[in-house]
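Undergrad: One structure coming up, written as structure tokens, with questions to follow.
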Amino acid sequence: MKLTFLGAAGEVTGSCYLVDTGEVKFLIDCGMFQGGREARRKNARFAFDPGAIAFVLLSHAHIDHSGLLPRLVALGFKGAIYATSATRALLGVMLPDSAHLQEREADREGGVPLYTVAQAQRCLEHVVTADYGAEVRPHAGVRCVFRDAGHILGSAIAEIWLGRRKLVFSGDLGQPARPIVSDPERIAEADVLLVESTYGDRNHKSLVQTLDEFAFALTDTLKSRRGNVVIPAFAVGRTQEILYYIGELQRQGRVPRMDLYVDSPMALAATRITLRHAARDELPGLEGVRFTERLEDSMKINRIRCGAVIVSASGMCEGGRVKHHLKYNLSRPECAIVFVGFQALGTLGRRIVDGAKTVRLFGEPYPVRAKVFTIGGLSAHADRDALLGWMAGFRRAPGESYVVHGEPLAAHALRDAIAARFGWRAQVPALGQTVAL
């Protein structure tokens, strides 16, 4: 049996792992690479024949884990895509939206989209849902059980039995004690472990410190400098959590009055799905929020000079409406850009966080004069201690451990922490590397 690391190896996007048992080939995730021309090159072709893949096990709906599924189907994949029911609901929103962005970009640049909206819709016909804890048998020699990963709605840890060998893929693990999703489930044993490492080299600030910082960013901009706040946020998971915390801060009287906009049709759809699937009937803070769906309503927001908090996708500023809001606010010193999630290397968000003085938007240079805040404690990813805490649930050391889904410093730091705390042998695989199971 062989395992090949085809994405999220030495980076945090493009999650994709190929398992070849000798009898069947299948994928764990099929995500899109994000961040510039190199990402587009990687997305253009697969390192395998899509028609030879029997099935896909999908950890969750985020595009860096699911975004190439329509292309996989378009190029010959005919099998089933196994996911939780909440993930299936979110894919119904996210994949067509991703396709729409691909089509728009292709029209603008005179190219060919990775896939079309019609191809994204056809891809959804391949999705087979499974409840947490329910066993699925996609092949005679393969069994799988999804466990709650606590990252976003529907996110899953995959326990996979390959004959007598058990492989565990953590997927993206959530930070414990978050308001909308459950804590990640513990796993007792594995022969082979793949664990994410997005924040493997550091811990988040406490929630108290994080909310203090978030409240200051909002108050400083809206009250002291009388500008707007732009919050790039993933439409799924992060947006709903941001609304929850803004609602909490408003009830505590810690932030001034604001005009709160969620400018993302996908975020509205994702919020409705969240209310339907999550273990709560409402999200505190939703009252008074203005969701904008029509393009003309989105454009009206850009006439507002002060007092607006604009939550918009994409979370890494690589596409979507947030780029338009950056265009109108990034060069204004009275405004603020508040990042509430990880910014991958090569993305526009990462360039701003890293202190770029000028960035390009729609082909034109814009000076960065707005105040930039990075609120890392609101991330939906587990930090180093939470990752180690989750791994402490194993009753015995996995025979082989691979640290994935992290930039090199984070991945190697977590590998060293695993060795120091548990004495396990762990490796950081390279992109394209194949190992025997």
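The values are calculated or read from the model by the stated rules, or taken from the named source; none is laboratory data. All values reported here derive from a predicted model rather than from experimental measurement. When we count neighbours, we look across all protein chains shown, and the Cβ atoms used for this are built from the backbone with ideal geometry, even at glycine.
Undergrad: Restricting to segment 167-177, give me the number of residues that are surrounded by fewer than 19 Cβ atoms within 10 Å (Cβ to Cβ) and not hydrophobic (A, V, I, L, M, F, W, C).
TA: As a first pass, look at segment 167-177 and keep what is surrounded by fewer than 19 Cβ atoms within 10 Å (Cβ to Cβ): 176-177.
Narrowing the set further to residues that are not hydrophobic (A, V, I, L, M, F, W, C) leaves 176.
Qualifying residue count, segment 167-177: 1.
Undergrad: Also, I was wondering about something else. What are the residues in segment 99-158 that are on the phi > 0 side of the Ramachandran plot and surrounded by fewer than 17 Cβ atoms within 10 Å (Cβ to Cβ), if any?
TA: G110, G133 - these are the residues of segment 99-158 that are on the phi > 0 side of the Ramachandran plot and surrounded by fewer than 17 Cβ atoms within 10 Å (Cβ to Cβ).
Undergrad: Could you name every one of the strands (runs of 3 or more DSSP E) located completely within segment 111-159 that has at least 1 residues being among the aliphatic types (A, V, I, L, M) and free of Cβ contacts under 8 Å to residues at least 40 places away in the same chain?
TA: Where strands (runs of 3 or more DSSP E) fall fully within segment 111-159 and carry at least 1 residues being among the aliphatic types (A, V, I, L, M) and free of Cβ contacts under 8 Å to residues at least 40 places away in the same chain, they are 142-148.
Undergrad: Then there is this: Being touching a Ser or Thr at 6+ places or on another chain (Cβ under 6 Å) and at pLDDT 95 or above is the filter here, so list the residues in segment 381-404 that pass it.
TA: The initial filter retains those residues of segment 381-404 that are touching a Ser or Thr at 6+ places or on another chain (Cβ under 6 Å), namely 381, 403.
The one that is touching a Ser or Thr at 6+ places or on another chain (Cβ under 6 Å) and at pLDDT 95 or above: V403.
Undergrad: Could you tell me how many of the residues in segment 96-149 are in contact with a Cys (Cβ under 7 Å, 6 or more places away or on another chain) and of a type in the set (A, V, I, L, M)?
TA: Count: 1.
Undergrad: Given the structure, is R88 among the basic types (K, R), assigned by TED's automatic domain parsing to the domain that holds G171 and over 18 Å from Y17 (Cβ atoms)?
TA: Yes; evaluated as a whole, the condition is true for this residue.
Undergrad: Whether any residue in segment 68-77 is within 29 Å of R321 (Cα to Cα), at pLDDT 95 or above and of a type in the set (G, A, S) is what I want to check.
TA: To start, the set of residues in segment 68-77 that are within 29 Å of R321 (Cα to Cα) comprises 68-74.
Imposing the further condition that a residue be at pLDDT 95 or above reduces the set to 68-74.
Next, only the ones that are of a type in the set (G, A, S) stay: 74.
Yes - at least one qualifying residue is present in segment 68-77.
Undergrad: Is it fair to say R384 is assigned by TED's automatic domain parsing to the domain that holds D183 and touching a residue at least 40 places away in the same chain (Cβ under 8 Å)?
TA: Yes; evaluated as a whole, the condition is true for this residue.
Undergrad: Select, from L388, L431, L414, L409, the only residue that is part of a loop (DSSP other than H, G, I, E, B) and of a type in the set (A, V, I, L, M, F, W, C).
TA: Working: L388 fails: part of a loop (DSSP other than H, G, I, E, B); L414 fails: part of a loop (DSSP other than H, G, I, E, B); L409 fails: part of a loop (DSSP other than H, G, I, E, B).
Just a single option satisfies the conditions, and that option is L431.
Undergrad: Could you check segment 294-367 for strands (runs of 3 or more DSSP E) lying wholly inside it with 1 or more residues that are farther than 24 Å from D259 by Cα?
TA: In segment 294-367, the matching strands (runs of 3 or more DSSP E) lie at 358-361, 364-367.
Undergrad: Also: Of D354, D297, D263, which residue is in contact (Cβ under 8 Å) with a residue 40 or more places away in the chain and of a type in the set (D, E, K, R)?
TA: Residue meeting the stated conditions: D263.
Undergrad: Against the condition at pLDDT 95 or above and under 19 Å from C30 (Cα atoms), how does A86 come out, does it pass?
TA: no
Undergrad: Something else: Check R226 against each of (1) of a type outside the set (A, V, I, L, M, F, W, C); (2) without any contact (Cβ under 8 Å) to a residue 24 or more places away in the chain; (3) over 26 Å from A410 (Cβ atoms) and name the one condition it does not meet.
TA: (2)
Undergrad: In addition: With under 18 Å from the mean Cα position of the chain (by Cα), closer than 15 Å to G432 by Cα and touching a residue at least 12 places away in the same chain (Cβ under 8 Å) as the only criterion, which of A47, A9 stands out? Write out each step before concluding.
TA: On the way: A47 fails: under 18 Å from the mean Cα position of the chain (by Cα).
Matching residue, one of A47, A9: A9.
Undergrad: Further question on the same structure: Taking W161 as meeting all but one of (1) closer than 20 Å to E196 by Cα; (2) surrounded by fewer than 18 Cβ atoms within 10 Å (Cβ to Cβ); (3) modelled with pLDDT under 95, write down the number of the exception.
TA: Here W161 clears every test but (3).
Undergrad: In segment 343-372, what count of residues is obtained for those that are surrounded by 21 or more Cβ atoms within 10 Å (Cβ to Cβ) and under 22 Å from G406 (Cα atoms)?
TA: Number of matching residues: 6.
Undergrad: Further, regarding this structure: Can you tell me which residue within segment 283-307, out of those that are in contact with a Phe, Trp or Tyr (Cβ under 7 Å, 6 or more places away or on another chain) and modelled with pLDDT under 95, is farthest from P265 (Cα to Cα)?
TA: Restricting to residues being in contact with a Phe, Trp or Tyr (Cβ under 7 Å, 6 or more places away or on another chain) and modelled with pLDDT under 95, the top hit is P284.
Undergrad: For the subset of segment 232-263 comprising residues that are among the aliphatic types (A, V, I, L, M) and under 14 Å from the mean Cα position of the chain (by Cα), which member is modelled with the highest pLDDT?
TA: That would be A233.
Undergrad: I need the full set of residues from segment 196-219 which are crowded, with 18+ Cβ neighbours inside 10 Å, at pLDDT below 95 and of a type in the set (V, I, T), in order please.
TA: T210
Undergrad: Please work out if A344 is at pLDDT below 95 and of a type in the set (G, A, S).
TA: Yes.
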